[in-house]
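Report on one structure; see the data block that follows.
The values are calculated or read from the model by the stated rules, or taken from the named source; none is laboratory data. Because the structure is predicted, anything quoted here is derived from the model rather than measured. Positions of Cβ are generated from backbone atoms using ideal geometry, with glycine treated the same way; all protein chains shown enter the neighbour counts. We work out accessible area using only protein heavy atoms, side chains counted, and drop any ligands, DNA or RNA first. Shrake-Rupley method; radii C 1.70, N 1.55, O 1.52, S 1.80 Å.
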Amino acid sequence: MIWTMKKLAFTISILFIFTSCELVEELLNTSYSTTFKESFDVQIPAGDYTEDSPFLILKEEDIDLTDDEFPQEVRTGVSELLDIQFRSVLLLFEGQLTSENEKLLENQGVISGTILFSNPEDPTQNVEVVVPPVSSLNTEPVSLPLPDNVANSITQLFLESPRIQFIMNLRYVGPAPFEGEVIMEIPMDISIGLI
């Protein structure tokens with residue numbers, strides 16, 4: 001009977017230790033859901049741009065986890081970054097022709113191309129995301145193809161540096177002059193270790 005009680009006490013102690021370790025790990029590792037947002041204006045001069053002769057758009061910018069656009073907990077805990085999960089990359093293209101010709105205003109402009117994410121310290125470490133045709137007539141953001149291996153590679157870039165660069169290489173096809181805006185959103189879950 002005494003041996004059984006000791007065995008039971010030992011089993012309970014072991015369970016408590018393992019449970020406590022899991023609870024401590026959960027308390028020390030905190031996740032934050034946030035969204036990176038970037039937008040820029042597009043002004044396309046008069047012309048009729050086709051697949052064979054598009055108007056080229058180039059935009060370079062950084063995603064820096066220490067910037068004010070991210071929660072303070074992320075900025076201050078970036079040195080303890082454990083993981084980033086990318087749920088999607090969303091792109092919206094808005095705008096209109098600046099001509100007063102109503103018939104022209106019915107037409108759409110379309111952008112497509114690629115977004116290259118890279119380590120600014122070593123540009124050879126990069127990941128490319130394809131931008132399928134996104135119409136200016138879309139009222140909701142378009143979710144870009146983001147296979148698991150691509151999302152994981154972007155995560156790896158962040159684990160090596162809290163700042164990565166993205167370069168948008170876009171092609172505009174459609175009538176012009178056109179004034180618009182490209183809006184990119186990247187929802188992400190960021191895990192930070194508190195010790």
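Carbon and sulfur: what percent of segment 67-173's accessible surface (1.4 Å probe)? Exposed carbon and sulfur together represent 44 percent of the surface.
Rounded to the nearest Hz, the phi-derived 3J(HN,Hα) couplings of segment 173-189 under the Karplus curve 6.51 cos²θ - 1.76 cosθ + 1.60 (θ = phi - 60°) are 10, x, x, 7, x, 9, 10, x, 8, 9, 10, 10, 10, 10, x, 8, 10, where x marks glycine and proline. Other residues lying with their Cβ under 15 Å from the Cβ of residue 115 contribute a combined charge of -3, Lys and Arg counting +1, Asp and Glu -1.
Close amide H partners of residue 109, meaning residues 5 or more places away or on another chain with modelled amide H under 5 Å apart, are 136, 137. Among 66-77, 81-92, the peptide with the highest mean count of other Cβ atoms within 10 Å heads the list, and the full ranking is 81-92, 66-77. Counting only protein heavy atoms and a 1.4 Å probe, segment 91-192 has 47 square angstrom of accessible area per residue.
Taking θ as phi - 60° and the Karplus parameters 6.51, -1.76 and 1.60, the scalar couplings of segment 46-52 work out to 3, x, 10, 8, 10, 4, 7 Hz in sequence order, x denoting glycine and proline. Put simply, when 163-171, 45-53, 151-159, 138-146 are sorted by average Cβ atoms within 10 angstrom per residue, most first, you get 163-171, 151-159, 138-146, 45-53.
Summarising the amide proton neighbourhood of residue 176: residues at separation of 5 or more, or on other chains, whose placed amide H is nearer than 5 Å comprise 47, 49.
Annotation: amide H-H contacts under 5 Å for residue 142 (H modelled 1.01 Å from N, sequence separation of 5 or more, or interchain): 91, 92. Defining a contact as two alpha carbons under 8 Å apart and six or more residues distant in sequence, what relative contact order in percent does segment 37-195 show? It comes to 47 percent, rounded to a whole number.
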